[in-house]
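Following: one structure in structure tokens, then a few remarks.
The values are calculated or read from the model by the stated rules, or taken from the named source; none is laboratory data. Quick caveat: nothing in here was measured; it's all calculated off a predicted structure. Methodologically, a virtual Cβ is constructed for each residue, glycine included, from the backbone with ideal geometry; neighbour enumeration extends over all protein chains shown. Surface accessibility is based on the protein's heavy atoms, side chains included, excluding ligands, DNA and RNA. Shrake-Rupley method; radii C 1.70, N 1.55, O 1.52, S 1.80 Å.
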Amino acid sequence: MSLKIYMNGELVPKEEAKVSVYDHGLLYGDGVFEGIRAYSGKVFRLAEHVERLYQSARAIMLDIPIPAAQMAADIEKTVKANGFTDCYIRVVVTRGAGALGLDIRKTSHPQVIIIADMIQLYPPELYEKGLDIVSVSTIRNHPNALNPRIKSLNYLNNILAKIEGQLAGCVEALMVNHKGEVAECTGDNIFIVRKKDVLTPPLDAGILEGVTRNAVMEVARKAGYAMSERSMTRHDVYTADEVFLTGTAAEVIPVVKVDNRLIGTGKPGPIFMDIKTRFEKITRE
Ligand code: PMP
């Protein structure tokens, strides 16, 4: 049976879900998006995702044609209409079709699209063994150019970094910012563990404020770890006891090698395992 895609208030079969070739989302990556998950019939942190979507839209002066409460209801409706209890949800809002030029005043009808489907970012065995990642030469977008806090449809910065990582034989790549500080991976936030301290780069490192990152920070604090946001260099990552990544699609996944340096014992560490168990518990609440 064909998936039903939400397009501007209606559910249409996947084959009929289409946008104009004049849409500035396609022409210029002009739009915003969200990746969300549903667990056991409940959309995880729906309010946070919707809020981030509207904040991203505000930052690029894109008026989403429906109110946030309607968006949240329509996301839930799309999941139900497809009969999913556990799935990945992609919400996309484009600038809409316009003239062949950058002028946003010549665009109209932003397209609101909600796709409920499945996603598998990494092979299952990597969740047990841990990832081998490399840092890449493509730096994260400078916040004064395109702020990484905006989850925009222009993901070329991340794609270029991911290509570099893949050419080095890795499934994920670590990006530093214009100051050489650790920022994030191409689609995930990064955490390190040093003794009992759990550390993650601050938002002003130029990163996306991950919903999973926020959830994991809460979980870590509740579990009694000293959780803080701290600027870090690659040296801090190489010498950490544990490293792990967080993201909606990836969930939480351990990293055991960075730039060919073994992290800790080279096996997923005990604090990661504890946080993972606790994180999984809150996705089922
Ligand atoms: N950083 C980037 C660049 C991302 O694209 C994502 C989402 N895939 C994340 C971090 C993780 O954010 P979230 O936990 O909200 O999915």
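Before moving on, here are some points about what is shown:
- Of all residues in region 1-33, those satisfying the criterion of being in contact with a Ser or Thr (Cβ under 6 Å, 6 or more places away or on another chain) and under 23 Å from Cys87 (Cβ atoms) are Tyr6, Pro13, Lys14, Gly25, Gly31, Val32.
- Restricting region 123-149 to residues that are open to solvent by 30 Å² or more (accessible area, probe 1.4 Å) and under 27 Å from Gln111 (Cβ atoms), the residue that is nearest to the chain's Cα centre (by Cα): Arg149
- Residue that is farthest from Gln55 (Cα to Cα) [pool: residues in region 19-32 that are part of a loop (DSSP other than H, G, I, E, B) and under 24 Å from the mean Cα position of the chain (by Cα)]: Val19
Okay, residues lined up against (1) over 28 Å from Phe44 (Cα atoms); (2) in contact with a helix residue (DSSP H, G or I) (Cβ under 8 Å, 6 or more places away or on another chain):
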site: Val216; (1), (2): no, yes
site: Arg221; (1), (2): no, no
site: Gly224; (1), (2): no, no
site: Ser231; (1), (2): yes, yes
site: Asp236; (1), (2): yes, no
site: Val256; (1), (2): no, yes
site: Asn260; (1), (2): yes, no
site: Lys276; (1), (2): no, no
site: Glu285; (1), (2): no, no
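- Ala183 being farther than 20 Å from His49 by Cα, within 11 Å of the ligand (Cβ to nearest atom), in contact with a strand residue (DSSP E or B) (Cβ under 7 Å, 6 or more places away or on another chain) and in the same structural domain as Thr265 (by TED's automatic domain parsing): yes
Results for (1) of a type in the set (S, T, N, Q); (2) within 11 Å of the ligand (Cβ to nearest atom), shown as yes or no for each residue.
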| site | (1), (2) |
| --- | --- |
| Leu121 | no, yes |
| Val136 | no, no |
| Lys151 | no, yes |
| Glu164 | no, no |
| Ala168 | no, no |
| Asn177 | yes, no |
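- Arg52 being open to solvent by 20 Å² or more (accessible area, probe 1.4 Å), touching a residue at least 12 places away in the same chain (Cβ under 8 Å), touching a Cys at 6+ places or on another chain (Cβ under 8 Å) and not β-branched (Val, Ile, Thr): no
- Subset of region 100-132 [of a type in the set (Lys, Arg) and in the same structural domain as Ala17 (by TED's automatic domain parsing)]: Arg105, Lys106
- Within region 4-18, the only residue that satisfies the criterion of being surrounded by fewer than 17 Cβ atoms within 10 Å (Cβ to Cβ), touching a residue at least 60 places away in the same chain (Cβ under 8 Å) and either in a strand (DSSP E or B) or among the hydrophobic types (A, V, I, L, M, F, W, C) (or both) is Leu11.
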